[in-house]
């Protein structure tokens, strides 16, 4: 199955209409409660038994549950207990709405995990007021949980960054220092001196690539990047990028094949970030390909979009690798072939830039059968019409 980025147009659960599950074995009660909720812009789902309520929750979790107590088979107290014992549902707020009005019942309701207790017959205004209060509290809690998760991820990324800095920068710096001291303290032939200097340049280039990639990801995430969408001839750009990789490909006897004949290659994109995307993808294709293999770069189009395919004969990616390939600092199972480095940031940068230029990217890959990344970019005119 292809792996795809789709412009991050997912619904935000924090701003969508709230969903309340109404559970009652009396259909008249469900209708009365449901009508009040719908009139106040609240979506509802319904269940006329405890078992159906639990099944409904397993399919789609509501933001709040209005739960009757006196029901056959599973009463409301038992349903609440099962909901609160389940780690996936324990945070859903429950309001008991029932004719059981004794102090003992109310106490038991709160002991079972309810956030509120409403007795029948209920006052519609009071019902809506209490429901809205707990929906707001639930929304605030969701925001807090989301922020906590983001902080956890940031902490993980920080630790990964420290690890990369310690490993990927410390070792090259040590090598450069060793080479420099050798040059400084020994009488070395010009041939050996030139070789040492070349090693220093190559090692420092790798360090600069890592630092550049870290800064690029950071800028994209902080919204510091300005996108300039214009009519862009991607055939010219792609040809130039391929020429830059001829030496690296030739060193591994890799043939890069380019085909963009008879196709419309003028698209609506940001030239700079389109270039970065193709450069990263082609770099990976060459970097992870064995000696003597092929890389194909093709441009095609339909009525609305151009498609830039970069296909290699490398090791391919497993489903597990594909699930995490766009994460920062991720080292996937395949390793670069030859004396090439990987920062673990290339595909995360690709993901950011694809989203920035409002493009799509799809990966077709199977383990042992190479990768085919296909970038989809709007043609000139089509993107302007959508705007």
Problem set entry | Residue under evaluation residue 192, criteria (1) at pLDDT below 90; (2) surrounded by 11 or more Cβ atoms within 10 Å (Cβ to Cβ); (3) within 42 Å of the chain's Cα centre (by Cα), criterion not met | (3)
For this session: Looking only at the range 232-259, count how many residues are touching a strand residue (DSSP E or B) at 6+ places or on another chain (Cβ under 8 Å), in a helix (DSSP H, G or I) and more than 12 Å from residue 285 (Cβ to Cβ).
Result: 5
Exercise. Out of the range 172-191, which residues are in contact with a helix residue (DSSP H, G or I) (Cβ under 9 Å, 6 or more places away or on another chain) and either part of a helix (DSSP H, G or I) or under 30 Å from residue 331 (Cα atoms) (or both)?
Worked result: 172, 173, 175, 176, 179, 180, 182, 183
For this session: Considering every residue within the range 260-271, establish whether at least one is under 31 Å from the mean Cα position of the chain (by Cα) and part of a helix (DSSP H, G or I).
Result: yes
For this session: Looking only at the range 283-297, decide whether some residue is free of Cβ contacts under 8 Å to residues at least 24 places away in the same chain and in contact with a strand residue (DSSP E or B) (Cβ under 7 Å, 6 or more places away or on another chain).
Result: no
For this session: Take the residues in the range 287-314 that are part of a loop (DSSP other than H, G, I, E, B) and surrounded by fewer than 17 Cβ atoms within 10 Å (Cβ to Cβ), then tell me which one is nearest to the chain's Cα centre (by Cα).
Result: 304
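The values are calculated or read from the model by the stated rules, or taken from the named source; none is laboratory data. What you are looking at is a predicted structure, and each value in this text was computed from that prediction instead of being measured. Heads up, the Cβs are rebuilt from the backbone with ideal geometry, glycines too, and the neighbour counts pull from every protein chain shown.
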